[in-house]
Amino acid sequence: MIRYASNTAVSRSRSIEEIERTLSRYGADSFGYGWEGDRAVVAFRAHNRMIRLLIPMPKRDDKAFTLTPSGRRRRSQKDSYAEWERACRQRFRVLSLVVKAKLEAVESGLATFEEEFLAYTLLPDGRSVGEMALPEVARAYEKGQAPRFLLPALSSGKGKDDGA
């Protein structure tokens, strides 16, 4: 299977600039980008929400970069770096595509901003909704029942936080 933009020549910095322009065009009023170790982060504010997209980056010592496609020979340091950089560029082209698609879905009325970016929305404690909810959803599938925070309010009129 061929990956989207797997042979792109578009630099990471151009993709990040494109993401920033796209976000601005669709109403974002702040934007930030950074990286640490094997992940990058794009954060922005739009529709009164703080959004954080964490992008896992390929590891430079991955065999996909250090070995030739046959897996029998080591690549030179220069060739290894070139393959790794190509994989990084591809990730940012995908991210640019995803951001555009989500914002266009919102603009076209196919979804709300909150629906498209729910998992990436930051909560007051600094975690994203996805970081909070995904483990609970996994446990729900293991147990075969919905987590308490996803259950509708009880018919007795009691709210979800009243200990009922």
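The values are calculated or read from the model by the stated rules, or taken from the named source; none is laboratory data. All of these numbers come straight from a predicted model, not from anything done at the bench. With ideal geometry, Cβ positions are generated from the backbone for all residues, glycine too; neighbour counts draw on all protein chains shown.
Data for the structure
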| quantity | calculated |
| --- | --- |
| Residue within segment 37-49 that is of a type in the set (D, E, K, R), touching a Leu at 6+ places or on another chain (Cβ under 6 Å) and over 20 Å from A101 (Cα atoms) present | yes |
| Boolean, E115 is without any contact (Cβ under 8 Å) to a residue 24 or more places away in the chain, under 20 Å from G130 (Cβ atoms) and part of a helix (DSSP H, G or I) | yes |
| Condition check for R3: over 15 Å from the mean Cα position of the chain (by Cα), charged (D, E, K, R) and at pLDDT below 95 | yes |
| Residue list for segment 1-20, restricted to those being surrounded by 15 or more Cβ atoms within 10 Å (Cβ to Cβ) and over 19 Å from F31 (Cα atoms) | A5, T8 |
| Residue satisfying all of: in segment 76-103; more than 21 Å from Y120 (Cα to Cα) and among the hydroxyl-bearing types (S, T, Y); surrounded by the fewest Cβ atoms within 10 Å (Cβ to Cβ) among these | S76 |
| Pairs with Cβ under 6 Å, 6+ apart, first in segment 10-36 and outside any helix (DSSP H, G or I), second modelled with pLDDT of 95 or more and aliphatic (A, V, I, L, M) | Y26/L103; G27/A46; A28/A46; F31/L23; G32/A43; Y33/I16; Y33/V42; G34/V41 |
| Qualifying position, being free of Cβ contacts under 8 Å to residues at least 60 places away in the same chain and either under 30 Å from F65 (Cα atoms) or touching an Asp or Glu at 6+ places or on another chain (Cβ under 9 Å) (or both), among L123, L134 | L123 |
